[in-house]
Amino acid sequence: MLLLDEGRKLVEVVRATIESYLKEDTYVQKDVPKSFYKQSGVFVTLKSFPNNHLRGCIGFTEPAYTLLEALQDAAIAASTSDPRFPPVTLDELERITVEVTVLTPPMLLEDMSGSQYLDSIKIGRDGLIIEKGFHKGLLLPQVPLEWGWDKGEYISQTCIKAGLPQDAWVSDDVNVYTFSGQIFSETKPRGEVVEQEGCD
């Protein structure tokens, strides 16, 4: 688990990385906690302020890179390469809040099917990954809270995110993974950074 001060630093690194990239400056992050050099999955989410609309979200599920490397790559990708949105501009960055989700490694829910998946999922704690063949979709643990989804709608929406029918999760050839995330977000652009709490 990261401390709040470390979470503030995560958000600071995201902003500095995006700004330097958009300015075409060279950016070297110094003086980061030792925890940033451990391998970890991470997602960077950008939202328009004050309407809280999604503006970009990209990250790494698996802990294949150090937290710092993954964070900076995700920051650049979320701001410039999310195919759902045009690239963020420097001016617009002043109207965007930054959210960072540090992930635990995904865990396959084995020997389960149908309603057993629903019994295992905890809203607010668990992120979901649905995988079938070349199809793969992920939703972060905060998403069902933001949309008011129950467990059934949450897993169905993850299937849709994977490009599958919404009831694909009941099939035997679908893999369901859960993971948890520690979430740090700005309350307003360049504002206070808080750690979000999950709920049942």
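The values are calculated or read from the model by the stated rules, or taken from the named source; none is laboratory data. As the structure is a prediction and not an experimental result, all values here were calculated from the model. Note that each Cβ is placed from the backbone with ideal geometry, even for glycine, and that neighbours are counted across all protein chains shown.
The residue list L90, L71 contains one member that is touching a Leu at 6+ places or on another chain (Cβ under 8 Å), of a type outside the set (S, T, Y), at pLDDT 95 or above and over 19 Å from A168 (Cβ atoms), which is L71. Taking the range 148-174 as the range and being outside any loop (DSSP other than H, G, I, E, B) and under 30 Å from E94 (Cα atoms) as the test, only K161 passes. Of all the residues in the range 109-119, those that are surrounded by 14 or more Cβ atoms within 10 Å (Cβ to Cβ) and over 18 Å from I160 (Cα atoms) number 1. Counting just the residues of the range 94-108 that are modelled with pLDDT under 95 and in contact with an Asp or Glu (Cβ under 8 Å, 6 or more places away or on another chain), which one comes out surrounded by the fewest Cβ atoms within 10 Å (Cβ to Cβ)? Looking at the filtered set, the residue picked out is P105. Can you say whether T187 is under 16 Å from the mean Cα position of the chain (by Cα), at pLDDT 95 or above and either loosely packed, with under 14 Cβ neighbours inside 10 Å or within 22 Å of M107 (Cβ to Cβ) (or both), as far as the supplied structure shows? So T187 does not fit the description; no.
All of (1) touching a residue at least 40 places away in the same chain (Cβ under 8 Å); (2) part of a helix (DSSP H, G or I); (3) aromatic (F, W, Y) hold for Y177 with one exception: (2). Within the range 142-175, the residues that satisfy the criterion of being modelled with pLDDT of 95 or more, aliphatic (A, V, I, L, M) and either crowded, with 18+ Cβ neighbours inside 10 Å or more than 22 Å from S115 (Cα to Cα) (or both) are I155, A162, L164.
Here is the figure for the range 25-68: residues that are farther than 19 Å from M1 by Cα and hydroxyl-bearing (S, T, Y) total 4.
Scanning the range 51-74 for residues that are surrounded by fewer than 17 Cβ atoms within 10 Å (Cβ to Cβ) and among the aliphatic types (A, V, I, L, M) turns up L54, A64.
Looking only at the range 75-93, residues that are in contact with a Pro (Cβ under 6 Å, 6 or more places away or on another chain) and surrounded by fewer than 16 Cβ atoms within 10 Å (Cβ to Cβ) come to 0 in all. With respect to the stated conditions, E192 is at pLDDT 95 or above and more than 25 Å from K38 (Cα to Cα).
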